[in-house]
1. Going down the list 66/135; 64/150; 64/118; 75/102; 67/111, which pairs span over 20 Å between their C-alpha atoms?
2. Could you put 169, 215 in order, starting from the residue whose Cβ has the fewest other Cβ atoms within 10 Å?
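Read-outs throughout are calculated quantities, based only on the coordinates presented, and are distinct from any laboratory measurement. What you are looking at is a predicted structure, and each value in this text was computed from that prediction instead of being measured. As a convention, Cβ positions derive from the backbone with ideal geometry for all residues, glycine included, and neighbour counts pool all protein chains shown.
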Amino acid sequence: MDAEDVQRQINQTIQESNNEILSQFSSILDSRLSTVQQNINETQKVIAERQEAKFEQVFSDGYKFKKRGNEEQHKHNVKVMAKLKEANEELEENRIQGVRQKISEGYELIKQRQKLIKLADSSVAGWRAVDEYVKNPIASDSEDEKRISKAQTRAERKVKDERLRRRRDLREKSRPYPSINNTSSEANTSTTTTAGVWRSGQCYRCHRRGHWRKDCTEKMDDKE
């Protein structure tokens, strides 16, 4: 075998080796791409399901609650159900750590809800105190008791102010209107009335408010 044949054999061996390497690389690449695509599809599925759960959480079933306490409890239950659903998705993919995380998040939701229920039940202001409590930024455990106390104080003050305002409005509404007497009638009548004394209710004679029938000075066309 001369040198030319040896060189040809070497080139052929190199070409076959390169083809085999390219074939193996292509197989590996196809496998990796297939795995990546599968992971992308699974991720998109999980994201879509979670978005659907959040959509249900926000809009619920469109039911209009008559009592706020029931509405808040319903919202809480929807959040917990969403966490359980996410935990189930993690379990289907054998992601145990993810399952633990979602269960832990659901537990924290229930724990926080129990705390708010106790706060509303123990406060004179009820759920007003809860509103004031959750408005503030999350504080450390050492400051939590102070937050609760301040929230109760603010809520009770608001309830008191509202009661005072309602009483004031009620007094304004129940105050009788001044009697508007016809000036010509006052000039022509010889009888005097109890001027300056306002009566509750209305006159059954002239149907005006501020005086009674016996004090009425309004001239009527019809005979009584």
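1. Values: 66/135 23 Å; 64/150 32 Å; 64/118 25 Å; 75/102 18 Å; 67/111 23 Å.
Too far apart for the 20 Å limit: 66/135; 64/150; 64/118; 67/111.
2. Result, fewest neighbours first: 169, 215.
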